[in-house]
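Handing you a structure now.
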Amino acid sequence: DLLETALEADLEPTPPTLRAMIPVPEPPSGAVVTEGRTRSWPTALWALLLVVGAGVAGYLATRSTTPEPRPVDLIAAAADDAPRADVLLRTDEVAVAERFALDHVGWRVAVPQIDGMTLAGVGVREVVPGVAVPVFVYQNRTERATLYGFDYHLLDQTSTRLRLDRDVFDQIEDDRHYEVHDLGSTSAILWRDRDDILVLVTRGDANDLRL
């Protein structure tokens, strides 16, 4: 300590002119100079955050303003599809048609007899996107009728896509009740057979059909 004190007393501080002549070493190439302040974020990063934020806000706004699709009335769906319905298997045998429906949609539909008309065949129709049901085509010399088979389990599973009004449900609780709907150019008759809900669409008057 005594030696350090003596040296400090003998050595004079470096004159300012000499300090200016002493070169300050440059940092090596590629070295990062640390400054004594917080560095701001790059402009490109702020622009990216703004773009992402705007995209998220637009997505949320779209989700909040786009209404969910409403379920389609079961009777209207059948009536709309009936003119385009075709058979995949031509048969006049009820047992064959029932077996086809069981193999293709997973449940057996009790195919009815219609006085004055003959079963012409059976097929499968997608009445609304993602909902396929069995369809049975009847005909005589002048008329054609198309029968659609639904059941309660299917309606429970597809309640966001297909619906049946509560008052119609109440009407067909009695399986001897036939619900007739005038749809303008066509008419439909609806009834229940155990768990099956059957909709028969015809261009004539559904009241004239004898089931």
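Quick one: T202 ticks every box in (1) open to solvent by less than 70 Å² (accessible area, probe 1.4 Å); (2) within 27 Å of the chain's Cα centre (by Cα); (3) polar (S, T, N, Q) except a single one, so which number is it?
(2)
Please give the number of the condition V180 fails out of (1) open to solvent by 50 Å² or more (accessible area, probe 1.4 Å); (2) assigned to a strand (DSSP E or B); (3) modelled with pLDDT of 90 or more; (4) not hydroxyl-bearing (S, T, Y).
(3)
Filtering region 132-150 down to residues that are modelled with pLDDT under 90 and not basic (K, R), which residue is surrounded by the fewest Cβ atoms within 10 Å (Cβ to Cβ)?
T142
Same structure, new question: Scan region 151-159 and give yes if some residue there is in a strand (DSSP E or B), in contact with a helix residue (DSSP H, G or I) (Cβ under 9 Å, 6 or more places away or on another chain) and open to solvent by less than 70 Å² (accessible area, probe 1.4 Å), otherwise no.
No, region 151-159 has no match at all.
All but one of (1) open to solvent by less than 50 Å² (accessible area, probe 1.4 Å); (2) under 25 Å from the mean Cα position of the chain (by Cα); (3) not small (G, A, S) hold for P129; state the number of the condition that does not hold.
P129 satisfies all of (1) open to solvent by less than 50 Å² (accessible area, probe 1.4 Å); (2) under 25 Å from the mean Cα position of the chain (by Cα); (3) not small (G, A, S) except (1).
Shifting gears a bit: Being under 18 Å from D80 (Cα atoms) and of a type in the set (S, T, Y) is the requirement here; does Y138 meet it?
Yes; evaluated as a whole, the condition is true for this residue.
Filtering region 67-78 down to residues that are under 12 Å from L183 (Cβ atoms) and open to solvent by 20 Å² or more (accessible area, probe 1.4 Å), which residue is modelled with the lowest pLDDT?
Residue satisfying both the conditions and the ranking: D73.
The values are calculated or read from the model by the stated rules, or taken from the named source; none is laboratory data. Since we're looking at a predicted model, the values are computed, not measured. Cβ: placed from backbone, ideal geometry, glycine included. Neighbour counts: every protein chain shown. Remember, those area values only see protein heavy atoms, side chains included, never the ligands or the DNA or RNA. Shrake-Rupley method; radii C 1.70, N 1.55, O 1.52, S 1.80 Å.
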